[in-house]
Amino acid sequence: MAGAEDTLTTTASVIGIALYIHPSDSPGTVLVPVQFDGDRYQSWRIGVMQALSEKNKLGFIDGSCGKPDANSPQFRQWKRCDDMVTSWILNSMTQEISDSVEYVNDSVELWKVLEDKYYDQTNGAKMYQIQKEINDLTQGALDITVYYTRMKKLWEELSTLNLRSQCSSTCSCGAKDSMHKADQDRCLIQFLMGLNEAYSAVRDNILTMNPLPSMAQAFSLLIQEEKKNDPDSASDLNDGKIVDIHSVNELETKLNAASEASCLAILYFTATWCGPCRYISPFYTNLPRKYPKIAFLKADVDEARDVASRWNDGGAAGGEAC
């Protein structure tokens, strides 16, 4: 009898926590940064569930915080919370998707509609699409961190689709660990295959290790190599190579390194604007005086490469002087 009473008390306590609405919560809240547009439901689903769990509202969609009787003193507060959860989920979809599911009675029904429509829909096609993206992804102009982040996101999406085929056994024979290590090795090799040739030496070094290192260890080695052998170094500038620069700090670093060289710095028109006023920033007007041996021109994105090529060929670069 005491056990049953304890269970009822615990259940009531959990429901009471779920019915609390924090002052910062509002019907306009969006649960995830990227709205669901009908694609990659599993990834979006995980984000929504994590957000609801953080707000103690997961019970509204999994049924553990069920609707009380209409005569219950908790009914109005439950209804208020449930409407809030429904709004949050609808806000986290594109308008087209939300319009197709908005006429539901409560959040648990909304969630069931989404699960029925999208959870198991064409899993094979989605797996094919993500695996193809993984196979096609190469480092290219990306730095190591961005390349790894993009690859890791695709791995996680593929793993989410494969959840049902993953081993859930609690045995201690070691087979599960071996399978996990084999999966990690495959991911590592896929990652190494997409690296630029500038990293061939460290890649070969990683591949000779037995056993293969973890992804984290390999990433650390590659970051060290990237810092030691920056492909956008001053020597590249001095050799006449075109180098893309994406921040003020990076720009100053490169200009200081190449201040004794005869270089051309092309600044995109919009990059020189000072916020909403659209006047050139004093930072950029002072550059020619600070670096007298470097030529500064402004150009739009489309003509920048052409301007740089003409400069390297010894012709008039064109563009507008800073």
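We did not get these values from a lab; they are worked out from the coordinates using the rules stated. Quantities reported herein were computed from a predicted structural model and do not represent experimental measurements. Neighbour counts run over all protein chains shown; Cβ positions are idealised from the backbone, glycine included.
Figures for the structure shown
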| item | result |
| --- | --- |
| Sorted by Cβ density within 10 Å, fewest first, the residues 289, 80, 203 | 289, 80, 203 |
| Packing rank of 147-157, 192-202, where each peptide gets the mean count of other beta carbons within 10 Å, highest leading | 147-157, 192-202 |
| Calculated FRET efficiency for the pair residue 125/residue 83, C-beta based, R₀ 30 Å, to 0.05 | 0.30 |
| Theoretical gain in end-to-end length, residue 196 to residue 100 [0.36 nm per residue, Cα-Cα removed] | 30.1 nm |
| Listed residue pairs exceeding 19 Å between alpha carbons, taken from 55/79; 57/112; 126/181; 67/112 | 126/181 |
| Estimated FRET transfer efficiency when R0 is 30 angstrom, pair residue 29-residue 135 (beta carbons, to 0.05) | 0.20 |
| Amide H contacts of residue 93 (H built 1.01 Å from N, under 5 Å, at least 5 apart or other chain) | 36 |
| Cα-based Rg and Dmax for segment 2-119, where Dmax is the largest Cα-Cα distance (Å) | 14.9, 51 |
| Length gained when the stretch residue 217-residue 181 is fully extended (0.36 nm per residue, less Cα-Cα span) | 11.6 nm |
| Segment 72-134 shape via C-alpha gyration tensor axes, a/c threshold 1.5 | prolate |
